[in-house]
Each structure stands twice: as C-alpha cells, then as structure tokens.
1. Taking one equal scatterer on every alpha-carbon of segment 20-120, how large is log10 of I(q)/I(0) by Debye at q = 0.14, 0.16, 0.19 1/Å?
2. Just to check, using Stokes-Einstein with a Kirkwood Rh over alpha carbon pairs, what's the diffusion coefficient of segment 65-108 at 25 °C and 0.890 mPa s in µm²/s?
3. Roughly to the nearest percent, how much of the accessible area of segment 73-117 is carbon and sulfur, given a 1.4 Å probe?
4. I want to check the label-to-label distance for Thr71 and Leu41. Put each point 7 Å from Cα in the C-beta direction and report it in nm to one decimal.
5. Would you kindly state how much longer the chain becomes between Asp79 and His171 on full extension, computed as 0.36 nm times their sequence separation minus their alpha carbon distance, in nm to one decimal?
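The values are calculated or read from the model by the stated rules, or taken from the named source; none is laboratory data. Because the structure is a prediction, the values reported are computed rather than measured. Counting neighbours? That spans all protein chains shown, and the Cβs are built from the backbone with ideal geometry, glycine included. Ligands, DNA and RNA are excluded from the accessible area calculation, which covers all protein heavy atoms including side chains. Shrake-Rupley method; radii C 1.70, N 1.55, O 1.52, S 1.80 Å.
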Amino acid sequence: GALQGALGMTENGTNGDGATPPDQALTNLTTVPFGSSSVPLPTLRAYAEQLEKVGGHFVFRGVPGGMSKITPFVEYSLDVLRLDPFCKGPDCEVRNVGILIDPLLFRSSGVTRVPAFTVFEADIFQSYCQRQGEPLAVAAVSLGDAHLTGHLAELTRLGDPKADRLLKLFHTAGEKP
C-alpha cells in the first residue's frame, strides 16, 4: 500500500533492496506489537530495534485525526523506524520493520490496550482478499511496556510455542556463525 511504499517496502513485504525480513526467511513468524501514538516515541523506537532481530511489524488501529492526516502519520512512522533519530529527509536509513494500519487485526486479536504483543504464523501484510476473510489465529497476547524478550517469555508462558522459537532466535541473532 501507500504506507508500505512510503516506508521503503514493496507490496510483498520485502524492503526496497529485496531483502526478506527475518520472520519470513527463518521462521515464517511475525512478531507484532500493537501500538498507538500514545506509546512514547522512544519506546516504539526501542521496539523497532528489537524487532529487527526476530522479524516483526507494528500494527496501529488507525491514523490519529483520521485518514486525512496520513502524511503526518507517515512522517511519524519514519521517526519510529529511522536508524538515526536525528536524520531528516528521504535518504535516511530505516529499520526492516513494517507499520500496518489494521483496526480489524486489533479487534480479532482482542487488543484494547497498548503496547500489546502477539505472534502470528502469517504475513500480516497479506491482503484481506488473500486471507479469504479468515481472521489470523492469536494464541496469546502480552500487555505492557517490557523488553521484547519479556513479551516473548510471557507469550511462551501463556502457551504459545511460536513465541519460544522467536525468543531463542532473538538470543542467537547477535551471535556470529
């Protein structure tokens, strides 16, 4: 969509250089923090950095002020994803993390407070037509402001084995082969 293009991602979920996010390449899992503009920007930036290790995308319920305010939301999204928070302009490097606006995913996941985390065994950027109207299956949701590893550990405790796979991936992501 337009937001994916603005964030340097192609329709198939890869970034402009064709790289596939780790969730699709290694695990076929997507770590999803549900966010909003009420979550402090430094918190969202920290989550974006953590998400790169396991693959994941933010989901927002909507655009503050409605879709007529999409341009300020794209700028806000870029502020979340920029590697250098002081970089301005179109040539700034951004993290390989997507931002999706999806009120139906909020509803089907039962998320009413943010930040909240879950793990999907699916590409959340896949269109509704491709999903054939089926809501994505949610095993568990973890709430609160905690490090990504804390959320993955909580999701594992709540019975989601996918989260345990991602937790192990997170811990090995920085290791050299």
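1. -0.52, -0.68, -0.96
2. On the way: Rh = 11.9 Å.
Result for D is 206 µm²/s.
3. Working: 1270 of 2270 Å².
Reported share for carbon and sulfur atoms: 56 percent.
4. So the label points at Thr71 and Leu41 sit 1.9 nm apart.
5. 30.5 nm is the gain from fully extending Asp79 to His171.
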